[in-house]
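Encoded as structure tokens, the structure appears first; notes follow it.
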Amino acid sequence: MSQNKITKDDRFIIIQNPLGFKVTLCPLGASIYSIFIGEDVMTLTPKKYEDFANKKFYYGSTIGPMCARALDGKYVINGKEYFLKPNNGNICLHSGDDGFSNQIFKYEINDLQESTEVIFTLLVPDMSIGFPGDCKLLVKYIISDNSYDLNHIVSYSSSKDTSVSLTNHTFFSLSSKHNKDLDLFINSSNHVPLNGETLLPEEKMVPVDDVTNFKKPKPVFKDLQDPSIFNDKRYGYDHNFVLDSVNFDIPSVVLSNNKYKLEIFTDYSSIHIYSCNYNDNIEFINSDPGQYRGLAIEPQVALTKVRVLKANQSLTHKSLYKFTKK
């Protein structure tokens with residue numbers, strides 16, 4: 001059996017291994033609430049559960065069935081129009097208020113030989129949250145008892161053709177209080193531009209420029225307030241970076257500071273980066289007030305087109321979050 005310590009209450013499942021790596025998960029949104037190494041928090045985590053549960057901000061949540069923006073809530077499958085209720089002006093963001101981030105998942109905990117897995121499941125009846133098909137979502141987290149690794153696996157299926165694009169929306173800080181202390185590498189030479197007015201993806205790729213190029217590690221804050229991305233709509237990075245290769249054997253993203261390094265390995269085709277661009281007046285563990293307190297790193301399918309999952313087929317994606325002490 002694993003040497004991990006497992007505790008739970010009405011809100012959280014806490015897994016801590018002998019190295020002091022502690023992952024707190026939540027059935028609301030099959031979410032990552034926090035990740036600690038010893039006393040250092042790796043994630044941007046609200047101090048109050050009520051702030052975490054306010055899914056306007058999606059801290060650590062599983063996002064879907066569609067992790068994107070839909071103008072007037074409209075999306076199309078096989079030529080047929082469907083509509084979701086907007087939740088951000090005339091935009092439906094991340095599938096709206098009924099999306100996966102606001103759903104309570106069932107879960108089971110399996111204590112294995114050298115790891116612990118927590119498996120969240122959700123059954124969604126046809127059109128009950130605005131998407132066709134009786135759908136099943138599985139979200140699995142695996143915590144080893146001898147490393148600072150967190151494995152993340154998602155699986156999704158539907159009885160009808162349906163629209164799907166999933167991600168996890170955890171903000172990472174590596175115990176830094178501000179993005180100015182973080183360096184970022186992304187294995188990407190292209191990104192999907194967002195419309196300057198609607199922030200909807202333009203369904204094309206453009207090469208990265210000096211501001212959006214992270215092929216060589218650079219400080220997140222170096223170009224964060226450049227006029228090309230800092231304007232009355234965006235205030236920083238909110239970019240979908242298309243990966244140069246889909247290769248689980250090499251890191252797609254590396255985030256680091258003077259104390260920790262986070263490598264993210266994934267079989268998704270893109271990484272969405274959001275630099276915490278707004279002051280939401282929430283108190284976080286070990287964080288300064290204001291903007292730019294963490295970095296959302298969201299593995300997902302590139303936003304160049306709507307993804308349709310065929311009836312009775314399934315998709316599976318995996319990511320590995322590998323933390324290292326320097």
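The values are calculated or read from the model by the stated rules, or taken from the named source; none is laboratory data. All values derive from a computational prediction rather than experimental measurement. Reconstructed Cβ throughout: ideal geometry from the backbone, glycine too, with neighbour counts over all protein chains shown. When the accessible area is computed, the model is the full protein with side chains, heavy atoms only, and any ligands, DNA or RNA have been set aside. Shrake-Rupley method; radii C 1.70, N 1.55, O 1.52, S 1.80 Å.
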### Query
In this structure, does VAL192 turn out to be at pLDDT 95 or above and hydrophobic (A, V, I, L, M, F, W, C)?
no
### Message
For the structure I just gave you, tell me whether GLY79 is surrounded by fewer than 17 Cβ atoms within 10 Å (Cβ to Cβ), over 29 Å from ASN17 (Cβ atoms) and modelled with pLDDT under 95.
### Response
yes
### Query
Only one of (1) at pLDDT 95 or above; (2) in contact with a His (Cβ under 8 Å, 6 or more places away or on another chain) is not met by TYR292, so which one is it?
(1)
#### Entry: Long-range neighbours under 8 Å by Cβ, at least six apart or interchain, first residue free of Cβ contacts under 8 Å to residues at least 12 places away in the same chain within the stretch 227-245, second among the aliphatic types (A, V, I, L, M)
PHE230/LEU224
### Message
Between a residue in the stretch 199-223 that is touching a residue at least 24 places away in the same chain (Cβ under 8 Å) and any residue that is assigned to a loop (DSSP other than H, G, I, E, B) and loosely packed, with under 13 Cβ neighbours inside 10 Å, which pairs come within a Cβ distance under 7 Å, given they are 6 or more apart or on different chains?
### Response
GLU203/LYS305
### Summary
Selection from the stretch 145-157 of residues over 27 Å from GLU81 (Cα atoms), assigned to a strand (DSSP E or B) and out of contact with any Leu (no Cβ under 6 Å at 6 or more places or on another chain) yields ASP149, LEU150, HIS152, ILE153
### Task
Could you run through the stretch 58-83 and say how many residues are outside any strand (DSSP E or B) and farther than 23 Å from VAL154 by Cα?
4
### Query
How many residues, within the stretch 4-18, are touching a residue at least 60 places away in the same chain (Cβ under 8 Å) and exposed (fewer than 14 other Cβ atoms within 10 Å of the Cβ)?
1
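Does the stretch 227-252 hold any residues that are assigned to a loop (DSSP other than H, G, I, E, B), within 18 Å of GLU197 (Cα to Cα) and open to solvent by less than 50 Å² (accessible area, probe 1.4 Å), and which are they?
If the condition is that a residue be assigned to a loop (DSSP other than H, G, I, E, B), within 18 Å of GLU197 (Cα to Cα) and open to solvent by less than 50 Å² (accessible area, probe 1.4 Å), then ILE229, ARG234, GLY236, TYR237 are the ones that fit.
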### Query
Scanning for something surrounded by fewer than 19 Cβ atoms within 10 Å (Cβ to Cβ) and not in a loop (DSSP other than H, G, I, E, B), does the stretch 158-180 turn up at least one residue?
yes
### Message
Any residue at all in the stretch 314-324 that's in contact (Cβ under 8 Å) with a residue 40 or more places away in the chain, touching a Phe, Trp or Tyr at 6+ places or on another chain (Cβ under 8 Å) and among the charged types (D, E, K, R)?
### Response
yes
### Message
Condition first: assigned to a loop (DSSP other than H, G, I, E, B), of a type outside the set (Lys, Arg) and touching a strand residue (DSSP E or B) at 6+ places or on another chain (Cβ under 7 Å). Now tell me which residues in the stretch 1-18 satisfy that.
### Response
MET1, SER2, ASN4, PHE12, ASN17
#### Entry: the stretch 19-50: number of residues that are assigned to a loop (DSSP other than H, G, I, E, B), closer than 16 Å to GLU117 by Cα and open to solvent by 10 Å² or more (accessible area, probe 1.4 Å)
1
### Message
Let me spell it out: the conditions are (1) touching a residue at least 40 places away in the same chain (Cβ under 8 Å); (2) of a type in the set (A, V, I, L, M, F, W, C); (3) open to solvent by 20 Å² or more (accessible area, probe 1.4 Å), and ALA53 meets all of them except one. Which number is the exception?
### Response
(1)
